[in-house]
1. Please specify each residue of segment 165-196 satisfying the condition of being among the small types (Gly, Ala, Ser) and either surrounded by fewer than 17 Cβ atoms within 10 Å (Cβ to Cβ) or assigned to a loop (DSSP other than H, G, I, E, B) (or both).
2. Just to check your reading of the model, which residue among 56, 19, 2 is in contact (Cβ under 8 Å) with a residue 40 or more places away in the chain, exposed (fewer than 14 other Cβ atoms within 10 Å of the Cβ) and over 19 Å from the mean Cα position of the chain (by Cα)?
3. Tell me which residues, restricted to segment 109-164, are within 24 Å of residue 75 (Cα to Cα), touching a residue at least 60 places away in the same chain (Cβ under 8 Å) and crowded, with 16+ Cβ neighbours inside 10 Å.
4. Which of the following residues is touching a helix residue (DSSP H, G or I) at 6+ places or on another chain (Cβ under 8 Å) and modelled with pLDDT under 90: 202, 119, 151?
5. Among the residues of segment 110-131, what is the count of those that are assigned to a helix (DSSP H, G or I) and out of contact with any strand residue (DSSP E or B) (no Cβ under 7 Å at 6 or more places or on another chain)?
6. Taking residue 100, is it in contact with a strand residue (DSSP E or B) (Cβ under 9 Å, 6 or more places away or on another chain) and modelled with pLDDT of 95 or more?
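The values are calculated or read from the model by the stated rules, or taken from the named source; none is laboratory data. Because the structure is predicted, anything quoted here is derived from the model rather than measured. Here the Cβ positions follow ideal geometry from the backbone for every residue, glycine too, while neighbour counts run over all protein chains shown.
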Amino acid sequence: MAAQLRALRSRIRSVKSTAKITRAQELVATANISTAQNRLAAAKPYADQVTAAVSALVSHHNGIAHPLLDHGRDTGRAAVLMMTSDRGFCGGYNVNVIKATDQLATALREQGGEPVVYAEGQRGIDNYRFREKPTAAEWGGRSGHPTYELAAEIGATLLDAFSRPVEEGGVGAVHIVYTEFHSMLEQRTTVRRILPLAVEDAEADAAGGVLLPAYDFEPTPAAALDGLLRQYVNARIWHMLLESAAAEWAARRTAMMAATDNAHDLVDRLTREANEARQAEITNELSEIVAGADALTAADSD
């Protein structure tokens, strides 16, 4: 009985220490969510302006052709960028992204294509290495606090692969698997194709005129379109990285909050078990004392 009581008390101390760690992780995640949301909101105006400029150029120069807008490419090989986190303690965040990536790869193979996986985030990298699955490129160590330089680096790699013919090792399409941040309690794993680009034309007003203004582009509209489309791709990747970062911190906060609550519930249960064990131990000691006293009384009577 005494050994059981010591084991219960030791476990209570251990669970309380774990609860302190998960509570600290929860507070850190809560603070980082605000930062991630602010960065996401700050990046939106830039992405909107780049999108507006591309839409205006395409709307006013319908005859311009560009490889990034070519929907007739050979899609025999397709790039799949998988965005995961560098650290764990975030519930099913990484599992859902990896599962969606595997499902997309399977669907592409069933259609006769060949998926080429690019991994962003150490968890996804480690998962593919453990399963001995190849990746074309890897980026790790910056998932929680991504930079625009990372987005530009990823964008340049994907654009380089897209610009090469499929028979020369290039790809005909680029898909991204990431997690959208909807709220503190809701994050959705999403799959989007970013290449070839689908830029919507501007809507016309009642008089038939184009709502977007007609800009003068220098040196030529074609050269401006090339630069804008590349910035457009980088901006979309940047936005997805920020979305994933916000979703990662929100998922970690939810997971750590649940872990803390479960630890407190476990401490309460173990405390009741320890009290019961202590009570049983005291009852046993009292029984032994009473039995000893009865034996002494009986001996004196004899």
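1. Within segment 165-196, the first condition is being among the small types (Gly, Ala, Ser), and the residues that meet it are 169-170, 172-173, 183.
The answer is 169, 170, 172, 183.
2. On the way: 56 fails: exposed (fewer than 14 other Cβ atoms within 10 Å of the Cβ); 19 fails: exposed (fewer than 14 other Cβ atoms within 10 Å of the Cβ).
On inspection, the qualifying residue turns out to be 2.
3. The answer is 120, 151, 152, 154, 155, 158, 159, 161, 162.
4. Working: 119 fails: modelled with pLDDT under 90; 151 fails: modelled with pLDDT under 90.
Result: 202 is the single residue among 202, 119, 151 that is touching a helix residue (DSSP H, G or I) at 6+ places or on another chain (Cβ under 8 Å) and modelled with pLDDT under 90.
5. Narrowing segment 110-131 to residues assigned to a helix (DSSP H, G or I): 110, 122-130.
From the residues that got through so far, the ones that are out of contact with any strand residue (DSSP E or B) (no Cβ under 7 Å at 6 or more places or on another chain) too are 110, 122-123, 126-127, 129-130.
Here the count works out to 7.
6. Working: in contact with a strand residue (DSSP E or B) (Cβ under 9 Å, 6 or more places away or on another chain): yes; modelled with pLDDT of 95 or more: yes.
Spelling it out, residue 100 is indeed in contact with a strand residue (DSSP E or B) (Cβ under 9 Å, 6 or more places away or on another chain) and modelled with pLDDT of 95 or more.
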